[in-house]
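Engineer: This structure is in structure tokens; I'll ask about it shortly.
The values are calculated or read from the model by the stated rules, or taken from the named source; none is laboratory data. All figures in this text were calculated on a predicted structure; none of them were measured in a lab. Here Cβ is always computed from backbone atoms with ideal geometry, including for glycine, and neighbour counts include all displayed protein chains. For accessibility, only protein heavy atoms count, side chains too; no ligands or nucleic acids. Shrake-Rupley method; radii C 1.70, N 1.55, O 1.52, S 1.80 Å.
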Amino acid sequence: VALKRMLNFNVPPVKNSTGEPVWKVLIYDRFGQDIISPLLSVKELRDMGITLHLLLHSDRDAIPDVPAIYFVMPTEENIDRMCQDLRNQLYESYYLNFISAISRSKLEDIANAAIGANAVTQVAKVFDQYLNFITLEDDMFVLCNQNKELVSYRAINRPDITDTEMETIMDTIVDSLFCFFVTLGAIPIIRCSRGTAAEMVAVKLDKKLRENLRDARNSLFTGDTLGAGQFSFQRPLLVLVDRNIDLATPLHHTWTYQALVHDVLDFHLNRVNLEESTGMESSPAGARPKKKNKKSYDLTASDKFWQKHKGSPFPEVAESVQQELESYRAQEDEVKRLKSIMGIEGEDEGAISMLSDNTAKLTSAVSSLPELLEKKRLIDLHTNVATAVLEHIKSRKLDVYFEYEEKIMSKSTLDKSLLDMISDPDAGTPEDKMRLFLIYYISSAQAPSEVDLEQYKKALMDAGCNLAPLSYIKQWKAFTKMASAPTSYGNTTPKPLGLFSRVMNTGSQFVMEGVKNLVLKQQNLPVTRILDNLMEMKSNPETDDYRYFDPKMLRGSESSVPRNKNPFQEAIVFVVGGGNYIEYQNLIDYIKGKQGKHVLYGCSELFNATQFIKQV
């Protein structure tokens, strides 16, 4: 909503205006691009009158009779380039929008350039948009994508980090969270664990919100913005957790569609990139091997199949794709049948409309064609994506890993020794084995004895694993052991349902032979459990000593702040140090069971196990 308002020159778009939109140019930097691209497609931009969207630092031609909307970070080089645009008189008028607040001195630089270029009247508006975060779903956001290594898990947890570096990282995170709440139009009540990076974020965010509220004339939380969020009647709860409370989940193999896509494919800012495997045709001897085609697909909110199934277990997804395909084929056959009855097999649409009297049926069939084509596009998309995922599951035995790890995390009996799993040459990549072992190591109450550990290490080395992550996890475990008991993951194991009925039929696209049909039982992961305690005001040793901040209370120390005693209706969980789709899905499943409650999931970066293991 905030973006659409900005693209409409910062006036809310009028619903039913009949006129054409004002044509305009959009100029953004990489940050702006990352914020807009998951939310607005090129078509939507065009509908809003954006004819051209260009990167700020690309070569741009002058278009003197068109207004330009800028959406950029207030960095030194961006501002220099904007001043240059003013001097070169590129556009008719300039609407300058900064993703994060611009400083007074930089604003003066622009003003001076505008005076020098005699363009003061053309700079129509300058806005701080406070949009420095990326929204991936209605209920999920991540801080940044450009320069994300600056706020990564490794950056926060480096042993040799200096205080000033840590301050900078915390300020970056707080700036984005502040933007998030300005856009939401709500002041949260903040809870966080003690002695962690999350606590530093909480202290700084509380201070920043407080300072903004104290300056009543310029506060961002007054008047028109405040009711804008959907959370106007009751304040949301912000739970800040540190990645270090649970390192097993980011390494865990998963079984739901969205998390699997993120784990095994190249899935980034809602777009998945696939390499299409070319068939096994024999190419003439000496010919160059065929290049693999790269295809990318957007998995967005408008994709109904994705919205419905992104949280489903994979076998269910394969079955649904198959059903969709069958219903599509039936519709397609119906259109063909009607055409042939009327003897207009190869005719054009014009001939069809002439026969309109006895063709009410055909007209309705033809008018549903665009819908059919869209359906076909989605079926093809998910067939390709699901097939790519399935290849990974089968070649790496991911179903076995998933089931085995769930057993480890829920302390159930194991049917096969860990050593056998690691030394089985057919099961998984070296990285899969490393992930499995780390989860075992993190979840075990006692660390394995030195003798056992050496044996495991040897097996891991033989399997080609890189042992670097183990030494980090070892230190982490020694450190957290002093701090707290190991995290429990509930006691559930996935139940195999027997193999699929429908998908096993020969007609199916997906050969699921040998893949276990595992069904998930809902169990709360640590992050969800912490949220549940704090949101429902349950007393629990895990969360009882969490700190409590209320930025609206201008005075009073923490102990004397009157606390909210009622359960919250809305909550935002934010993981400092990075998050994943497994946790996101777990929260969504948890909140489904709670009538009328909402939860949003945010994290400083989104990583899959491969990216995470490289950081530890």
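One line per residue, one yes/no per condition, for (1) within 29 Å of TYR401 (Cα to Cα); (2) exposed (fewer than 13 other Cβ atoms within 10 Å of the Cβ); (3) basic (Lys, Arg); (4) at pLDDT 80 or above:
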{"site": "ALA216", "(1), (2), (3), (4)": "no, yes, no, no"}
{"site": "ALA228", "(1), (2), (3), (4)": "no, no, no, no"}
{"site": "THR249", "(1), (2), (3), (4)": "yes, no, no, yes"}
{"site": "HIS252", "(1), (2), (3), (4)": "yes, no, no, yes"}
{"site": "PHE267", "(1), (2), (3), (4)": "yes, no, no, yes"}
{"site": "ASN270", "(1), (2), (3), (4)": "yes, no, no, yes"}
{"site": "ASN273", "(1), (2), (3), (4)": "yes, yes, no, yes"}
{"site": "SER283", "(1), (2), (3), (4)": "no, yes, no, no"}
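Engineer: Would a scan of the stretch 124-133 turn up a residue that is under 30 Å from ASP303 (Cα atoms) and either aliphatic (A, V, I, L, M) or not in a loop (DSSP other than H, G, I, E, B) (or both)?
Structural biologist: Applying the first criterion (under 30 Å from ASP303 (Cα atoms)) to the stretch 124-133 yields 129-133.
Now narrow it down to the ones that are either aliphatic (A, V, I, L, M) or not in a loop (DSSP other than H, G, I, E, B) (or both): 131.
Checked against the condition, which is being under 30 Å from ASP303 (Cα atoms) and either aliphatic (A, V, I, L, M) or not in a loop (DSSP other than H, G, I, E, B) (or both), the stretch 124-133 yields at least one hit.
Engineer: Contact list please: Cβ distance under 8 Å, first residue in the stretch 447-463 and farther than 15 Å from MET421 by Cβ, second residue of a type in the set (Ser, Thr, Tyr), pairs at least six apart or on different chains.
Structural biologist: ALA447/TYR441
Engineer: Are any residues in the stretch 335-363 open to solvent by 70 Å² or more (accessible area, probe 1.4 Å), in a helix (DSSP H, G or I) and either at pLDDT 70 or above or not charged (D, E, K, R) (or both), and if so, which ones? Write out each step before concluding.
Structural biologist: Taking the stretch 335-363 first, the residues open to solvent by 70 Å² or more (accessible area, probe 1.4 Å) are 336-337, 341, 345-349, 353-354, 357-358, 360-361, 363.
Still in the running and in a helix (DSSP H, G or I): 336-337, 341, 349, 353-354, 357-358, 360-361, 363.
Once the filter is applied, which keeps residues that are open to solvent by 70 Å² or more (accessible area, probe 1.4 Å), in a helix (DSSP H, G or I) and either at pLDDT 70 or above or not charged (D, E, K, R) (or both), the stretch 335-363 yields LYS336, ARG337, ILE341, SER353, MET354, ASN358, ALA360, THR363.
Engineer: Then there's this: Across the stretch 591-605, what is the total count of residues that are among the aromatic types (Phe, Trp, Tyr) and surrounded by fewer than 21 Cβ atoms within 10 Å (Cβ to Cβ)?
Structural biologist: Taking the stretch 591-605 first, the residues among the aromatic types (Phe, Trp, Tyr) are 601.
Adding the requirement that they be surrounded by fewer than 21 Cβ atoms within 10 Å (Cβ to Cβ) leaves none.
Total satisfying the criteria: 0.
Engineer: What are the residue pairs meeting all of these: first residue in the stretch 38-49, first residue closer than 22 Å to ASP139 by Cα, second residue modelled with pLDDT of 90 or more and part of a helix (DSSP H, G or I), Cβ atoms under 9 Å, and 6 or more apart or on different chains?
Structural biologist: LEU39/LEU3; LEU40/LEU3; LEU40/LYS4; LEU40/LEU7; GLU44/LYS4
Engineer: While we're looking at this one, here's another question. Which strands (runs of 3 or more DSSP E) does the stretch 518-616 wholly contain that include 1 or more residues that are modelled with pLDDT of 85 or more and touching a Lys or Arg at 6+ places or on another chain (Cβ under 8 Å)? Give the steps one after another, and end with the answer.
Structural biologist: On the way: elements: 547-549, 570-576, 598-603.
Counting at least 1 such residues, we get 547-549, 570-576.
Engineer: Can you confirm whether MET461 is touching a helix residue (DSSP H, G or I) at 6+ places or on another chain (Cβ under 8 Å) and surrounded by 12 or more Cβ atoms within 10 Å (Cβ to Cβ)? Walk me through how you get there before you give the answer.
Structural biologist: Details: touching a helix residue (DSSP H, G or I) at 6+ places or on another chain (Cβ under 8 Å): no; surrounded by 12 or more Cβ atoms within 10 Å (Cβ to Cβ): yes.
In short, no.
Engineer: Could you check, for the stretch 24-31, whether at least one of its residues is at pLDDT 90 or above and open to solvent by 40 Å² or more (accessible area, probe 1.4 Å)? Steps first, answer last, please.
Structural biologist: As a first pass, look at the stretch 24-31 and keep what is at pLDDT 90 or above: 24-31.
With the extra rule that they be open to solvent by 40 Å² or more (accessible area, probe 1.4 Å), the set shrinks to 30-31.
Yes - at least one qualifying residue is present in the stretch 24-31.
Engineer: Tell me, which strands (runs of 3 or more DSSP E) wholly within the stretch 1-118 include 2 or more residues that are more than 24 Å from ARG271 (Cα to Cα)? Lay out the reasoning, then the answer.
Structural biologist: Working: elements: 24-28, 50-55, 63-72, 91-98.
Of the strands (runs of 3 or more DSSP E) lying wholly inside the stretch 1-118, those with at least 2 residues that are more than 24 Å from ARG271 (Cα to Cα) span 24-28, 63-72, 91-98.
Conditions (1) over 34 Å from the mean Cα position of the chain (by Cα); (2) among the aliphatic types (A, V, I, L, M); (3) modelled with pLDDT of 90 or more, marked per residue:
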residue	(1), (2), (3)
ALA365	yes, yes, no
ARG396	no, no, yes
LEU414	no, yes, no
ILE422	no, yes, yes
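Engineer: Right, LEU45: at pLDDT below 95, touching a helix residue (DSSP H, G or I) at 6+ places or on another chain (Cβ under 7 Å), under 20 Å from LEU131 (Cβ atoms) and not assigned by the TED database to the domain that holds PHE178 or not?
Structural biologist: Working: at pLDDT below 95: yes; touching a helix residue (DSSP H, G or I) at 6+ places or on another chain (Cβ under 7 Å): no; under 20 Å from LEU131 (Cβ atoms): yes; not assigned by the TED database to the domain that holds PHE178: yes.
No; evaluated as a whole, the condition is false for this residue.
Engineer: Let me ask something else. Within the stretch 399-438, can you find the residues that are open to solvent by 30 Å² or more (accessible area, probe 1.4 Å) and closer than 17 Å to LEU525 by Cα?
Structural biologist: Correct list: LYS407, LYS411, SER412.
Engineer: Give the stretch 102-141 a look and list any residue that's without any contact (Cβ under 8 Å) to a residue 40 or more places away in the chain, open to solvent by 40 Å² or more (accessible area, probe 1.4 Å) and among the small types (Gly, Ala, Ser), or say none. Talk me through it step by step, then tell me what you get.
Structural biologist: Our first condition is that a residue be without any contact (Cβ under 8 Å) to a residue 40 or more places away in the chain; within the stretch 102-141, this holds for 102-123, 126, 128.
Narrowing further to those that are open to solvent by 40 Å² or more (accessible area, probe 1.4 Å): 103-109, 111-112, 115-116, 118, 120-122, 126, 128.
Hits for the stretch 102-141 are SER103, SER105, ALA111, GLY116.
Engineer: Oh, and also: Would you pick out the residues in the stretch 151-167 that are assigned to a helix (DSSP H, G or I) and surrounded by 14 or more Cβ atoms within 10 Å (Cβ to Cβ)?
Structural biologist: The first filter runs over the stretch 151-167 and keeps only residues assigned to a helix (DSSP H, G or I), leaving 151, 153-157, 163-167.
Correct list: VAL151, TYR153, ARG154, ALA155, ILE156, ASN157, GLU165, MET166.
Engineer: Please specify each residue of the stretch 297-317 satisfying the condition of being surrounded by fewer than 18 Cβ atoms within 10 Å (Cβ to Cβ), modelled with pLDDT of 90 or more and under 17 Å from the mean Cα position of the chain (by Cα).
Structural biologist: ASP298, GLN307, LYS308
Engineer: Within the group MET482, MET504, MET461, which residue is assigned to a helix (DSSP H, G or I) and at pLDDT below 60?
Structural biologist: Details: MET504 fails: assigned to a helix (DSSP H, G or I); MET461 fails: at pLDDT below 60.
That would be MET482, the only listed residue that is assigned to a helix (DSSP H, G or I) and at pLDDT below 60.
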